[in-house]
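The values are calculated or read from the model by the stated rules, or taken from the named source; none is laboratory data. Bear in mind that the values here come from a model prediction, so they are computed numbers and not experimental data. Cβ sites come from the backbone with ideal geometry, for glycine too, and all protein chains shown count toward neighbours.
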Amino acid sequence: MEKTNATPKQSWGQLLVVSSLIFGMFFGSGNLIFPVHLGQMAGSNWFMAALGFAISGSLFPLLAIMAVVVTKSDGLLDLARPVGKHYAAIFLILVHLTIGPFFATPRTAATAYEMAAEPFIPKDFSTIGMWLFTGVFFALTYVAAMHQGALLKIVGKYLNAGFLALLAIVFLVAFLKPMGGLTQVPTATYQANATIGGLLEGYNTLDAVALLALSVTLIHAIRGLGYHGRELTKLTAKAGLISISLEVLIYFGLVLLGALSMSQLKLSANGGVALSQIVGHYFSSVGTLLLGALVTLGVLTTAIGLVSSFAQDFHKLFPKVSYRAWLRVTTILSFLVANAGLDTIISWSLPVLMLMYPLALALILLSLTVSKRPYAGVVYKVTIAFTVLPAVLDMLNSAPAMITSLAPIQAALGLYHQFIPFASMGLGWLVPTLIGFGLSLIWGHLRFAGQRGTLPERERF
């Protein structure tokens with residue numbers, strides 16, 4: 001009786017509200033710039049590359065949200081705890097450093113600068129311009145994170161609609177009057193394995209990793225609408241499907257936009273430069289300025305959410321240090337890293353992403369399949385154990401030459417690529433993870449045949 005009274009009937013209005021919330025969490029600076037650059041690199045193989053990007057950039061993040069829903073976790077620490085308390089703490093720190101001051105947060109400011117300011121600043125003043133721009137950007141971020149309220153609500157309410165409207169106009173004009181054909185020869189990575197290349201490029205969005213940490217906020221918002229249990233799961237799944245469907249359409253449009261641009265543009269250093277050049281081609285400096293302003297507002301709200309999440313979780317993990325102190329730490333570090341430039345941030349992040357994504361995807365798989373089994377703890381531990389080593393080797397393989405040139409690492413990578421399937425493609429973790437998952441699952445079925453477990457029962461392992 002209580003559940004019936006507490007759970008409202010789903011309406012299209014509520015479904016669209018939740019879909020908008022999910023889209024807002026998904027779509028940030030990386031989701032905008034990486035597909036365009038992918039299109040330029042993939043050329044005539046743009047469709048298969050876009051398909052791979054859609055899998056890692058849309059499907060994986062949705063599964064991350066559903067993992068939090070299914071396990072009823074109240075944070076990343078809770079989600080990863082079945083592997084072990086120490087592992088959960090280490091994983092939490094690594095995730096927040098990745099989506100926080102080391103990569104994702106400074107990338108918001110660097111992207112905003114390249115799209116909103118750099119096209120209008122003389123090259124001689126580019127360095128000082130970036131220091132000033134990022135200084136103001138993170139000052140606003142810090143103030144807003146201390147006093148969240150009106151700014152986030154106002155920007156969040158109108159930003160999605162304004163941004164999508166402008167993007168729709170860009171697509172309409174660009175596809176009615178394309179810059180060229182789709183005859184551009186793909187770069188080496190996208191000639192033979194365009195789908196795998198697109199999937200790995202989608203790692204750069206950081207969404208699957210980030211949403212393991214951030215989707216708890218979304219789930220609390222949906223519960224605030226009165227949804228619980230199965231109804232919450234159903235609403236989240238439906239809204240997620242609507243959200244990722246829109247996102248996939250945008251991804252394919254952006255990849256195609258990038259591929260078409262190669263008839264008149266050179267391969268850009270990054271997608272921020274490419275998108276500014278494309279918009280400038282069609283709408284001159286006015287269009288570039290408008291897009292830059294909308295992107296800046298969008299990434300500002302993202303930055304506010306990231307620094308707040310970092311400070312909140314680190315304060316829980318290290319309660320002797322205040323929320324405000326952690327907020328200052330992440331804001332200052334993000335400011336300093338942002339001034340390394342977008343290209344440098346992207347190149348630095350690749351090895352870390354090659355480590356974090358296998359661990360995150362393994363945790364998502366476990367959460368969605370065995371989290372309520374009585375033997376879940378064993379499956380969690382064994383699967384992650386089988387994932388860690390290939391993930392570390394994938395990270396080393398993507399590291400700078402000064403590391404990969406070391407004789408022991410070269411020898412280890414040589415054996416890894418020779419004996420582990422898909423290792424040369426950057427997916428060497430896949431088979432070991434599935435083997436560890438399968439073996440531990442069979443063991444669990446045999447030992448606990450006929451038993452049923454709940455989430456608390458798995459913690460005894």
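Conditions tested, residue by residue: (1) within 15 Å of LEU359 (Cα to Cα); (2) surrounded by 22 or more Cβ atoms within 10 Å (Cβ to Cβ); (3) at pLDDT 90 or above; (4) acidic (Asp, Glu).
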residue: PHE53; (1), (2), (3), (4): no, yes, yes, no
residue: ALA80; (1), (2), (3), (4): yes, yes, yes, no
residue: GLY84; (1), (2), (3), (4): yes, no, yes, no
residue: GLU114; (1), (2), (3), (4): no, yes, no, yes
residue: GLU118; (1), (2), (3), (4): no, no, no, yes
residue: VAL136; (1), (2), (3), (4): no, no, yes, no
residue: VAL143; (1), (2), (3), (4): no, no, no, no
residue: ALA150; (1), (2), (3), (4): no, no, no, no
Check your understanding: When segment 413-436 is examined, which residues are found to be in a helix (DSSP H, G or I), closer than 14 Å to VAL388 by Cβ and of a type in the set (Gly, Ala, Ser)?
Key -> GLY436
Check your understanding: Only one of (1) modelled with pLDDT under 95; (2) under 21 Å from the mean Cα position of the chain (by Cα) is not met by LEU361, so which one is it?
Key -> (1)
**Study point:** Residues of segment 292-311 satisfying the condition of being among the small types (Gly, Ala, Ser) and either surrounded by 20 or more Cβ atoms within 10 Å (Cβ to Cβ) or not assigned by TED's automatic domain parsing to the domain that holds PHE133 (or both)
**Key:** GLY292, GLY298, ALA303, GLY305, SER308, SER309, ALA311
Revision key, fill the gap. Among (1) closer than 19 Å to VAL83 by Cβ; (2) not in a helix (DSSP H, G or I), ALA399 falls short only on (1)
Review point. Would a scan of segment 209-227 turn up a residue that is in the same structural domain as VAL69 (by TED's automatic domain parsing), in contact with a helix residue (DSSP H, G or I) (Cβ under 9 Å, 6 or more places away or on another chain) and at positive phi?
Key: yes
Revision key, fill the gap. Pairing a residue in segment 257-272 that is closer than 16 Å to ASP343 by Cα with any residue that is surrounded by fewer than 24 Cβ atoms within 10 Å (Cβ to Cβ), where Cβ atoms lie under 6 Å and the two sit 6 or more apart in sequence or on different chains, gives ALA269/ASP343; ASN270/ASP343
Review point. Is it fair to say LEU327 is in a helix (DSSP H, G or I), touching a helix residue (DSSP H, G or I) at 6+ places or on another chain (Cβ under 8 Å) and either at pLDDT below 90 or outside the structural domain of GLY162 (by TED's automatic domain parsing) (or both)?
Key: no
Practice item. Taking the residues in segment 312-368 that are polar (S, T, N, Q) and touching a residue at least 24 places away in the same chain (Cβ under 8 Å) as candidates, determine which candidate is surrounded by the most Cβ atoms within 10 Å (Cβ to Cβ). Key: SER334
Check your understanding: Can you name every residue in segment 112-128 that is in a helix (DSSP H, G or I), of a type outside the set (Phe, Trp, Tyr) and closer than 20 Å to VAL286 by Cβ?
Key -> ALA112, GLU114, MET115, ALA116, ALA117, GLU118, PRO119
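What helices (runs of 4 or more DSSP H), lying completely within segment 185-257, carry at least 2 residues that are of a type in the set (A, V, I, L, M) and surrounded by 18 or more Cβ atoms within 10 Å (Cβ to Cβ)?
Output list reads 194-202, 207-224.
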Check your understanding: Within segment 377-388, is even one residue closer than 11 Å to PRO82 by Cβ, touching a residue at least 60 places away in the same chain (Cβ under 8 Å), surrounded by fewer than 24 Cβ atoms within 10 Å (Cβ to Cβ) and not basic (Lys, Arg)?
Key -> yes
